[in-house]
Amino acid sequence: MLHHVELYVSDLTKSLNAWDWLLTELGYTVYQQWEAGRSYRFGDTYLVFVQTETDYLEPPYHRKRTGLNHLAFHADSLDQLERLRPELTRHGFKELYADRFPYAGGPNYIALYFEDPDRMKVELVATM
């Protein structure tokens, strides 16, 4: 079972604007908070967002390099995806594969794909 994931971000304010909205919509609650970071908890698992120190901002994150490619979360339904989708850009996310929504992952896979402010890919998966 996954305990927690810690993500370093280039701009904590931008990242929290995006992630706070999304994680709250998915049922997470703020768990810990300090000047350089914040964590969100759902059940026994939590996600941590920490401001990257200036000396480590370059090179920037890219999901196609070695390391984390994306995070995928359960969504309640296609209705939830359709409700969240138009709000993405207002909170700092960028939708991916919009022309293939909700079947960008294939004909039997309902999901919404987008990138956070650091271009980390996020996937919301609804069961059929």
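What does the accessible area per residue of the chain come to in Å², with a 1.4 Å probe and no ligands, DNA or RNA counted? Walk me through the numbers before you get to the answer.
Details: 7770 Å² over 128 residues.
It amounts to 61 Å² per residue over the chain.
In the chain, carbon and sulfur make up what percent of the accessible area (probe 1.4 Å)? Working shown, then result.
Details: 3920 of 7770 Å².
Its accessible area is 50 percent carbon and sulfur atoms.
Give, as a single signed number, the net charge of other residues whose beta carbon lies under 10 Å from the beta carbon of Y28, with Lys and Arg counted +1 and Asp and Glu -1. Before the final figure, lay out the partial values.
Numbers: positive: R41; negative: D20, E25.
Summing Lys/Arg as +1 and Asp/Glu as -1 gives -1.
Tell me which of Y28, L16, H91 sits at the most positive position along the dipole axis of the chain, charges placed on C-beta atoms (Lys, Arg +1; Asp, Glu -1).
Ranked along the dipole, the leading option is H91.
Can you quote the Å³ per residue value for the convex hull of the Cα atoms in the chain, rounded to an integer? Show your work: numbers first, answer last.
Values: hull volume 15.3 nm³, N = 128.
Spelled out: Cα convex hull of the chain, divided by residues, is 120 Å³.
Dipole of the chain, Cα-centred, from +1 at each Lys and Arg C-beta and -1 at each Asp and Glu C-beta, to the nearest 20 debye?
On the way: 13 positive and 19 negative charges, 62 e Å.
The dipole of the chain has a size of about 300 debye.
Grab the Cα-Cα distance for R100 and H74, subtract it from 0.36 nm times how many residues apart they are, and report the gain in nm with one decimal.
Values: separation 26, 0.36 × 26 = 9.36 nm, distance 1.91 nm.
Gain on stretching R100 to H74: 7.5 nm.
Segment 5-47 to segment 54-128: how many Å between their Cα centroids?
About 16 Å separates the Cα centre of segment 5-47 from the one of segment 54-128.
Given the rule -39500 (n - 2.57) for each run of at least 4 DSSP H residues, summed and divided by the residues of the chain, what is its mean residue ellipticity at 222 nm, to the nearest 500 deg cm²/dmol? Kindly include the intermediate steps, with their values, before the conclusion.
Numbers: 2 runs with 21 residues, N = 128.
The helix-only estimate for the chain comes to -5000 deg cm²/dmol at 222 nm.
Against the longest alpha carbon principal axis of the chain, how many degrees, from 0 to 90 and to the nearest 10, is the axis of helix 12-25 turned?
Relative to the chain, helix 12-25 is tipped by roughly 40 degrees.
The values are calculated or read from the model by the stated rules, or taken from the named source; none is laboratory data. No experiment lies behind these values; they were computed from the predicted model shown. A quick note on method: Cβ atoms are made from the backbone with ideal geometry, for glycine too, and the neighbour counts reach across all protein chains shown. Accessible surface areas use protein heavy atoms only, side chains included; no ligands, DNA or RNA. Shrake-Rupley method; radii C 1.70, N 1.55, O 1.52, S 1.80 Å.
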